[in-house]
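**Student:** Below: one structure in structure tokens.
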Amino acid sequence: MSVTIKDVEKIAKLAKLRFTDEEKLKLSNEMNEVLGFIDTINKIPGIENVEPLENINNTQNVFREDISEVGVTKEEALKNAPDKSENFFKVPKVLDN
């Protein structure tokens, strides 16, 4: 399989990118080079028996049970605030209009 200029144009359109004719030709050649590397890897004997590698360490995620806990109330959160307005922290303005 090879990548044509038409394929590059389709990919560029999907990605909402614009390329000159020179860039399209260069991208087509580079994509074909990458596909050549992949083809070389696929020719290695026994490669079909290799499991995909997700992590170099043989670890698994450790999940904990999702238990809901009582959080901080609004009053507790606002009690040490240097400035507040009703149920909100009041902070200096940092953005201009």
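The values are calculated or read from the model by the stated rules, or taken from the named source; none is laboratory data. Just so you know, these numbers come straight off a predicted model, no measurement behind them. A quick note on method: Cβ atoms are made from the backbone with ideal geometry, for glycine too, and the neighbour counts reach across all protein chains shown.
**Student:** Answer with yes or no whether residue 69 is assigned to a helix (DSSP H, G or I), at pLDDT below 90 and surrounded by fewer than 10 Cβ atoms within 10 Å (Cβ to Cβ).
**Tutor:** Details: assigned to a helix (DSSP H, G or I): no; at pLDDT below 90: yes; surrounded by fewer than 10 Cβ atoms within 10 Å (Cβ to Cβ): yes.
When the stated conditions are applied, residue 69 does not pass them.
**Student:** Here's another thing I want to ask about it. Which numbered condition trips up residue 83, out of (1) among the charged types (D, E, K, R); (2) out of contact with any Phe, Trp or Tyr (no Cβ under 8 Å at 6 or more places or on another chain); (3) at pLDDT 85 or above?
**Tutor:** Unmet for residue 83, out of (1) among the charged types (D, E, K, R); (2) out of contact with any Phe, Trp or Tyr (no Cβ under 8 Å at 6 or more places or on another chain); (3) at pLDDT 85 or above: (2).
**Student:** Moving to a separate point now. Sort through 84, 79, 26, 90 and tell me the only one that's touching a helix residue (DSSP H, G or I) at 6+ places or on another chain (Cβ under 9 Å) and among the basic types (Lys, Arg).
**Tutor:** Details: 79 fails: touching a helix residue (DSSP H, G or I) at 6+ places or on another chain (Cβ under 9 Å); 26 fails: touching a helix residue (DSSP H, G or I) at 6+ places or on another chain (Cβ under 9 Å); 90 fails: touching a helix residue (DSSP H, G or I) at 6+ places or on another chain (Cβ under 9 Å).
Checking each option against the conditions leaves just 84.
**Student:** Which one of these does residue 59 not meet: (1) surrounded by 10 or more Cβ atoms within 10 Å (Cβ to Cβ); (2) of a type in the set (Ser, Thr, Tyr); (3) at pLDDT below 90?
**Tutor:** The failed condition is (1).
**Student:** Now for a different question. Within segment 1-13, how many residues are touching a residue at least 12 places away in the same chain (Cβ under 8 Å) and part of a helix (DSSP H, G or I)?
**Tutor:** Just the residues of segment 1-13 that are touching a residue at least 12 places away in the same chain (Cβ under 8 Å), to begin with: 1-5, 7-9, 12.
This time we only want the ones that are part of a helix (DSSP H, G or I), so: 5, 7-9, 12.
Total satisfying the criteria: 5.
**Student:** Determine the pairs where a residue that is of a type in the set (D, E, K, R), located within segment 43-56, has a partner that is loosely packed, with under 10 Cβ neighbours inside 10 Å and not in a loop (DSSP other than H, G, I, E, B) with Cβ atoms under 9 Å apart, the partner being 6 or more residues away or on another chain.
**Tutor:** 48/42
**Student:** Does segment 77-91 include one or more residues that are under 30 Å from residue 2 (Cβ atoms), free of Cβ contacts under 8 Å to residues at least 24 places away in the same chain and part of a helix (DSSP H, G or I)?
**Tutor:** Of segment 77-91, the ones under 30 Å from residue 2 (Cβ atoms) are none.
No.
**Student:** Can we say residue 23 is of a type outside the set (Phe, Trp, Tyr) and surrounded by 13 or more Cβ atoms within 10 Å (Cβ to Cβ)?
**Tutor:** On the way: of a type outside the set (Phe, Trp, Tyr): yes; surrounded by 13 or more Cβ atoms within 10 Å (Cβ to Cβ): yes.
It is true that residue 23 is of a type outside the set (Phe, Trp, Tyr) and surrounded by 13 or more Cβ atoms within 10 Å (Cβ to Cβ).
**Student:** Continuing with the same structure: Looking at 45, 52, which one is under 30 Å from residue 2 (Cα atoms), at pLDDT below 90 and not β-branched (Val, Ile, Thr)?
**Tutor:** Values: 45 fails: at pLDDT below 90.
The conditions single out 52.
**Student:** Note down all Cβ pairs under 9 Å where the first residue falls in segment 14-26 and is part of a loop (DSSP other than H, G, I, E, B), the second is not charged (D, E, K, R), and they're at least six residues apart or on different chains.
**Tutor:** Once the first residue is part of a loop (DSSP other than H, G, I, E, B) and sits in segment 14-26, its partners that are not charged (D, E, K, R) give 17/11; 18/12; 19/8; 19/12; 19/27.
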